[in-house]
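The values are calculated or read from the model by the stated rules, or taken from the named source; none is laboratory data. No experiment lies behind these values; they were computed from the predicted model shown. In this analysis, Cβ positions are derived from the backbone assuming ideal geometry, glycine residues included, and neighbour counts consider all displayed protein chains.
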Amino acid sequence: MKAMWSAASGMKNLQLKIDTISNNLANVNTTGFKGQRIEFKDIMYERMSQSDRINGEGRPVPIEIGHGVMTAATLRDFETGNMQNTEGDLDFAINGEHFFKVIDQNGNERYTKDGSFKIATTDEGPKLVTSDGYYVQGTDGDIVLGENVTEINVDGKGNIQVKRNGAEEYEDIGTFTLVKFVNPAGLESVGKNLYMETSASGVPVEGLEDGDKTEVWQGFIENSNVQVVDEMINLITAERAYEMNSKSIQTADRMLEIANGLKR
C-alpha cells in the first residue's frame, strides 16, 4: 500500500528535520555558530494514466501517484549574529561575510567565525591560537606576537599592532588573513567551530577587496545566529507533521485489516 511507504518516508525525513533543529538549539550559545535548515523534495511519481487530449477532446491531465519525500539539502545560514562586547583584547568578531583562517595540528587550512583567541608559547615566540591550539593565520603566516607584549590593538581592516614594555609607540606585526567564498553554503563543517573548503564552496579569496564592508571588531565575539523562537515554531510544526504521517500509517493499516477481513 503506497500510503504506508509515503508516510514512512515523511516520518523518516521529518526526524532529520527535528535532528537539525535540535542541533541548532543545542548550539544557541556557541560562539560564531551558524544555524542550519533542511530542505525536502518529492520523490518520483508513478503515472497511472497519460494525458491524451487530442483535437480538443480527451483527458486534459494525467493520473499520478507520489511515493513520498526525500531530503534535498541542509543549508547553513551565514547571516552575522549579534555582537557581544567582552572587552577582551584577544576577542575578535568579523562583521561581514569573511572568515578567520587557521592551521590545524595536521597542517590543514580551516576557517572559522570564532574569534575568541588565546596566546600559546612556542619555539618561535608567543603566537595567536584558537582554543584548540590551532595557529591563527596572518598575511605572513602564523601570527607571532613576540615577547614583552603589554597591549594589542587591531583595527577594522585586521591590521595588528602591539606595544611592548618600555615602548611608547605601537609596532606593526601583521594582518589577519580574512577569507571569503563564492558559495559559503558549500563549506563542510568539521566541528570545533571550523569549516573546510570543498569543490562546492569554491577556492578561498583572501584579503579585503574594494567594496568589501567586512570589519574586524576587537573586544567582541559573534554570538550564534540561531533564533530560538523560530526554531521552537519549526519544532512544533515538524512534530505535528510527524504525527499526521503516523496517523496515515495507522489508517492504511486499518484499511488493510478491513480488506483482509472480507469474506466471500
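Annotations for the structure displayed:
Here is a yes/no grid of residues against (1) under 14 Å from residue 177 (Cβ atoms); (2) buried (at least 20 other Cβ atoms within 10 Å of the Cβ):
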| residue | (1), (2) |
| --- | --- |
| 99 | yes, yes |
| 102 | yes, yes |
| 108 | no, no |
| 142 | yes, no |
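- Residue check, residue 202 at positive phi, in contact (Cβ under 8 Å) with a residue 12 or more places away in the chain and either in contact with a Lys or Arg (Cβ under 6 Å, 6 or more places away or on another chain) or surrounded by fewer than 16 Cβ atoms within 10 Å (Cβ to Cβ) (or both): yes
- Of the criteria (1) β-branched (Val, Ile, Thr); (2) surrounded by fewer than 15 Cβ atoms within 10 Å (Cβ to Cβ); (3) without any contact (Cβ under 8 Å) to a residue 60 or more places away in the chain, which one residue 175 fails: (2)
- Residue in segment 226-241 that is more than 21 Å from residue 36 (Cβ to Cβ), of a type in the set (Asp, Glu) and either surrounded by fewer than 18 Cβ atoms within 10 Å (Cβ to Cβ) or modelled with pLDDT of 95 or more (or both) present: no
- Qualifying residue in segment 150-168 (condition: under 21 Å from residue 204 (Cβ atoms), of a type in the set (Lys, Arg) and at pLDDT below 95): yes
- Criterion applied to 150, 122 was being more than 24 Å from the chain's Cα centre (by Cα), surrounded by fewer than 16 Cβ atoms within 10 Å (Cβ to Cβ) and assigned to a strand (DSSP E or B), and the one residue passing it is 150.
- Qualifying residue in segment 88-99 (condition: over 27 Å from the mean Cα position of the chain (by Cα) and either at positive phi or assigned to a strand (DSSP E or B) (or both)): no
- Test for residue 12: is it assigned to a helix (DSSP H, G or I) and basic (Lys, Arg): yes
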